[in-house]
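Some notes on the structure that comes next.
The values are calculated or read from the model by the stated rules, or taken from the named source; none is laboratory data. Here the structure is a predicted model, which is why all the values come from computation and not from measurement. Cβ placement follows ideal geometry from the backbone for every residue including glycine, while neighbour counts extend to all protein chains displayed.
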Amino acid sequence: MFRKICAAAAASLTLAVLTAAPQAAARPVSYPGGWTVMVMNDDAMSSSLVHYSPSADWSIGWRENWARDADWVFTGAQINRLVRRWNNPGSQANFYIKGALGGVGSEARPLDDLDLGGMVEIAADWETRRWFLSADAVYWDAGDFGDSTQYRARVGVAPYVAEFGGIHTWLMLQATHRPDADDELVLTPLARFFYGTHLWEVGVTDRGEGLFNWIIRF
């Protein structure tokens, strides 16, 4: 399993460097001492993550992941590492590596019969107050349920530049490529709203399936 994970990580890293299109449904590392709760739902997976950031460079937490079509559930620990941040006048870019390890099963399998599973992901993002670019690549090893790879990219624009303390709005287009899926490429127009410590994302894929993400930091 770990050989596959390492190989996928290397391939994903190469892809990110070549495309230079940095992820970011939400940044996986908060401020030192900060907590983050994420609830994510797209056309293929539902997941929840609670993590704590001891420093501005990394975070650790607990993840639940349900692959609805493949009917497997992952439960385990996840660690996120901010490898590099670029702060420039008027823009910021970030590069992350994430990994998770835990048990994989389904409703039909007892808890004492779980497979060992995990994932590795690379993610990056670049944004100004007007423009947004991101990309990520993730590999899942789900034990007896098989493995999968996903590549995702986003481009977004803010229709207005909000003042401090206001409601920030982004209009985005997300492209998701799953080489082993029937629908290899899925396009999802979505809207992102950010206010205070809350972030919401709502969208619909070109197949008519919904996307909803909610993130809160405290």
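Only one residue in A142, A191 is surrounded by 19 or more Cβ atoms within 10 Å (Cβ to Cβ), of a type in the set (G, A, S) and in contact with a strand residue (DSSP E or B) (Cβ under 6 Å, 6 or more places away or on another chain). Which one?
Matching residue, one of A142, A191: A142.
Report whether or not V155 is part of a strand (DSSP E or B) and of a type in the set (V, I, T).
For V155, the condition - part of a strand (DSSP E or B) and of a type in the set (V, I, T) - is met.
If a residue must be farther than 20 Å from G146 by Cβ and part of a strand (DSSP E or B), how many such residues does the range 171-206 contain?
22
Any idea which of (1) farther than 27 Å from P54 by Cβ; (2) surrounded by 16 or more Cβ atoms within 10 Å (Cβ to Cβ) is the one W126 doesn't satisfy?
Of the numbered conditions (1) farther than 27 Å from P54 by Cβ; (2) surrounded by 16 or more Cβ atoms within 10 Å (Cβ to Cβ), the odd one out for W126 is (1).
May I ask you to verify whether S134 is over 27 Å from E201 (Cα atoms) and of a type in the set (S, T, N, Q)?
no
Results for (1) closer than 20 Å to M45 by Cα; (2) in contact with a strand residue (DSSP E or B) (Cβ under 8 Å, 6 or more places away or on another chain); (3) modelled with pLDDT under 95, shown as yes or no for each residue.
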| residue | (1), (2), (3) |
| --- | --- |
| W62 | yes, yes, no |
| R84 | no, yes, no |
| G90 | no, no, yes |
| F95 | no, yes, no |
| K98 | yes, yes, no |
| D115 | yes, yes, yes |
| G146 | yes, no, yes |
